[in-house]
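The values are calculated or read from the model by the stated rules, or taken from the named source; none is laboratory data. The shown structure was predicted, so the numbers you read here are calculated from the model rather than taken from an experiment. All Cβ positions, even for glycine, are placed from backbone atoms using ideal geometry, and neighbour counts span all protein chains on display. We work out accessible area using only protein heavy atoms, side chains counted, and drop any ligands, DNA or RNA first. Shrake-Rupley method; radii C 1.70, N 1.55, O 1.52, S 1.80 Å.
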Amino acid sequence: RFGVGVNYPIYTPMTVDGIPVTGVDFEYSPHSQSLYAALAIGKSQTSIQAGDTALAYRRTVYAARLGYGRRRGSHVHFTALYATDDVGSLDSAYRRFLTPEENVVLGIDMMIPVIPQIFQIEAELTGSVLTVDQQAPSLNDGDVPTVVTDVVKPKVGTHGDWTLSVGS
């Protein structure tokens, strides 16, 4: 599957789940038991400023999935998402009222058929690091592991969270 323009990619309920992405969306899964790859790149939000009010920054999303098996069948998939607001998309006068955000999300999801066509186990583990203000001072007190700072540039107000979902 390949789409250009406004696309609504669906990866998992906790990562990308039908958000509009104006750009490119690609999904590749040739057989039921083989490589699965997906990629979505584009704008997910336009900047909005009306009169004296700023409502939103322009936001760009980069999302990718890679794994084994089909999306709706037996599979193990890794998901990565990076979303960032464009600081320059609003006039500087609005930046003290509305802060530009940045988010990194990593996840793994799987579906295992225990008894095919009757009983299956599904699970998703996802972690997120959200920076609520890209213009905040950097957090460089040495307590943040370098493996994290190589992926995310932590600022004052950056926080992380995770979620686990298991079902049958």
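This model, with +1 at the C-beta of Lys and Arg and -1 at the C-beta of Asp and Glu, gives the chain a dipole about its Cα centre of some 500 debye. Of all the options VAL151, VAL21, VAL129, the one that moves most in a Gaussian network model of the chain with Cα springs shorter than 10 angstrom is VAL151.
A dipole drawn for the chain from +1 and -1 charges on Cβ atoms has a positive end, and of ASN103, ALA80, TYR68 the residue lying farthest that way is TYR68. For the pair ARG1 and ALA50, the difference between a 0.36 nm per residue extended length and the Cα-Cα distance amounts to 13.9 nm. Dividing the C-alpha radius of gyration of region 67-135 by 2.2 N^0.38 Å, with N its residue count, gives 1.72.
Apply the Debye scattering formula to region 26-100, with a single equal point scatterer on each alpha-carbon and no solvent, then give log10 I(q)/I(0) at q = 0.11, 0.16, 0.24, 0.25 Å⁻¹. Debye output, listed in q order: -0.44, -0.64, -0.97, -1.02.
Put the Cα centre of region 88-138 next to the Cα centre of region 1-70 and the gap is 12 Å.
Orientation-averaged projection of region 36-76 equals 3.6 nm² [convex hull of Cα atoms, one quarter of hull surface area].
Restriction of the chymotrypsin sites (Phe, Trp or Tyr not before Pro) in region 62-124 to DSSP coil positions whose beta-carbon has at most 14 other beta-carbons within 10 angstrom yields PHE97.
Of the accessible area of the chain, with the probe set at 1.4 angstrom, what percent is carbon plus sulfur? Of all accessible area on the chain, carbon and sulfur atoms account for 60 percent. Surface exposure of the chain, expressed per residue as accessible area with a 1.4 Å probe, stands at 59 Å².
For the chain, the calculated P(r) over all alpha carbon pairs, in 10 Å bins from 0 to the bin holding the longest distance, is 10, 31, 32, 19, 7, 1, 0 percent.
Using alpha carbons only, the radius of gyration of region 116-165 set against its Kirkwood radius gives Rg/Rh = 1.25.
Please go through region 46-90 and write out the trypsin sites (Lys or Arg not before Pro) that DSSP classes as loop and that have at most 10 other C-beta atoms within 10 Å. Of the trypsin sites (Lys or Arg not before Pro), the ones in loops of region 46-90 whose Cβ has at most 10 other Cβ atoms within 10 Å are ARG72. Only one residue of SER47, TYR11, SER89 has its Cα farthest out toward the positive end of the dipole of the chain, where Lys and Arg carry +1 and Asp and Glu -1 on Cβ, and that residue is TYR11.
Here the extension length gained between HIS31 and SER92 equals 16.9 nm, from 0.36 nm per residue of separation less the Cα-Cα distance.
Here the Gaussian network model covers the chain, with springs between Cα atoms less than 10 Å apart; of THR22, THR146, THR131, THR146 fluctuates the most.
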